[in-house]
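S.K.: This is the structure I want to talk about, given as structure tokens.
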Amino acid sequence: MRLWEQPSDVFLKFPGLLPLTVLSQTKVPKEQVLQQVVAEIEELRDVQAQRNIAAATAILAGLVLDSGVIRRVLRSEIMRESVIYQEIWQEAKSEGKAEGKAEGKAEGKAEGKAEGEMDLIVKLLTRRFGILPTQLQIQIQDLGLVQLEELGELLLDFQSLADLSNWLQNNY
């Protein structure tokens, strides 16, 4: 079967085929197809299946999309807990390619701080405006620590989701 000749709708119907969707024929940009796949993954009830399918999707999406786009669209915490990701990490670690212990610890602290900041911002925005659209959540998740801190200071000034959207467009 030539994946690139099949319409993406075929793959979106079956969870096991979701990772192949980004390789299929489509009339919309591949990033938009990846966003559709993420929406389908988020609908899955089995958390382990979510993790594994997200990791497989990221790997295959790397054939047609930039890694920055993939990281922005796919939440990294889901992938990190997948069996596939853990296996790749263990192989890299055993081959000595994993980052040094001190670097890994510092990176973990920075990621933890950014995640905590992001979680707080999303909670505050949700409390103020209700459930945030998925696209806005994705953009917030992709912000760096400095941008998150700036957003945290400004979010009380926003009067509507349009203000948040405008800020993200200008600072994303």
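The values are calculated or read from the model by the stated rules, or taken from the named source; none is laboratory data. In this text, all values refer to a predicted model and were calculated from it rather than measured experimentally. In this analysis, Cβ positions are derived from the backbone assuming ideal geometry, glycine residues included, and neighbour counts consider all displayed protein chains. Surface accessibility is based on the protein's heavy atoms, side chains included, excluding ligands, DNA and RNA. Shrake-Rupley method; radii C 1.70, N 1.55, O 1.52, S 1.80 Å.
S.K.: Taking amide hydrogens as modeled 1.01 Å from N in the peptide plane, which residues meet the under 5 Å criterion relative to Gln25, leaving out close sequence neighbours?
M.R.: The list, which skips near neighbours in sequence, is Glu5, Gln6, Ser8.
S.K.: By how many nm would the segment from Arg45 to Leu145 lengthen if fully extended, with 0.36 nm per residue of separation less the alpha-carbon distance?
M.R.: Extra length from Arg45 to Leu145 when fully extended: 32.9 nm.
S.K.: Based on the Cβ-Cβ distance from Val122 to Gln169, what FRET efficiency comes out when R0 is 22 Å, to the nearest 0.05?
M.R.: 0.80
S.K.: If you don't mind, there's one more thing I want to ask. As a test of reading the structure, rank Trp4, Trp167 by solvent-accessible area (1.4 Å probe, protein chains only), most first.
M.R.: My answer, sorted largest first, is Trp4, Trp167.
S.K.: At a probe radius of 1.4 Å, what is the per-residue accessible area of Ile59, in Å² to the nearest 10?
M.R.: Here the residue's solvent-accessible area equals roughly 90 Å².
S.K.: Multiplying the sequence separation of Val28 and Arg71 by 0.36 nm and subtracting their Cα-Cα distance, what value in nm do you get?
M.R.: 13.5 nm
S.K.: Oh, and also: Can you compute 3J(HN,Hα) from phi for each residue in the stretch 55-71, using the Karplus curve 6.51 cos²θ - 1.76 cosθ + 1.60 with θ = phi - 60°, rounded to whole Hz and x for Gly and Pro?
M.R.: With coefficients 6.51, -1.76 and 1.60, one gets 5, 5, 4, 4, 5, 6, 4, x, 6, 10, 10, 5, 4, x, 5, 4, 4 Hz.
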